[in-house]
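Accompanying notes for the structure given below.
No lab work stands behind these numbers, since they all come straight from the coordinates. It should be emphasised that the depicted structure is a prediction, and the values quoted were computed from it without experimental measurement. Glycine also receives a Cβ, built like all others from the backbone with ideal geometry; neighbour counts cover every protein chain displayed.
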């Protein structure tokens, strides 16, 4: 583990570029559509558009990789977490937004795990489009899988959870919720009120595969797969069926935060306790 300053002294350049936006914006322009992805009020919830980031100071971030693999930058007061590619200098490398809360309270680290990358790619969403509650469920699911030697996957996660989108019908934070009768872990005890206004930029080559393609959406999407169907037992293969049934027999944790805390404090004791039951 290495400690890296979250913000360097360099600040992002003003967003005065006229560079290309997302592929969706290009497609709509070619089709003569009046839709403009930069008209955020037309497709993004007001709750998302209201907060700006208050992070200005240098802080420490602990992550699993070399400090040279990730660069961290504060956001301007005008910047919003849903801003698109076009809101950057044309010569500036790509980046993602991240919430500080995920690192401080949920032990999310960089680089993302394969499961986390697959999750974002499957739902076609950027990291900040997921509500922290969803990240909490994802982290808890990974921990439980690791305790019993099961590889976490999106299909197995969707056997236990479904998704709830923004009530306004516009793009908002996507929340996972437990499916009735399929208790695995309880929700995160969500007491933090100020996570929405603490986000920053992260740049890294990790966000791209060997072919230079993003591993998952880097910025908020309009064609997110919120209604992505859940998985019933008959839709899983034989191995997956056995694995979700094994997960379903594990002791129930009433709060994802408690599970994450126990894992961080003594993962070997937690794994031994679970395996004995």
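Couple of notes before you dig in:
- The stretch between residue 255 and residue 148, if pulled fully straight at 0.36 nm per residue, gains 36.6 nm over its current Cα-Cα span.
- With a Förster radius of 41 Å applied to the C-beta separation of residue 122 and residue 56, the computed FRET efficiency comes to 0.75.
- Taking 0.36 nm per residue of separation and subtracting the current Cα-Cα distance, fully stretching the chain between residue 178 and residue 206 would add 7.0 nm.
- Three-way shape call for region 91-233 based on the alpha-carbon gyration tensor, with the a/c threshold at 1.5: rounded
- Estimated distance in nm for a label pair at residue 266 and residue 246, the labels positioned 7 Å out from Cα along Cα-to-Cβ: 2.5
- Computed FRET value (nearest 0.05) for residue 275 with residue 114, which takes r as the C-beta separation and R₀ as 25 Å: 0.60
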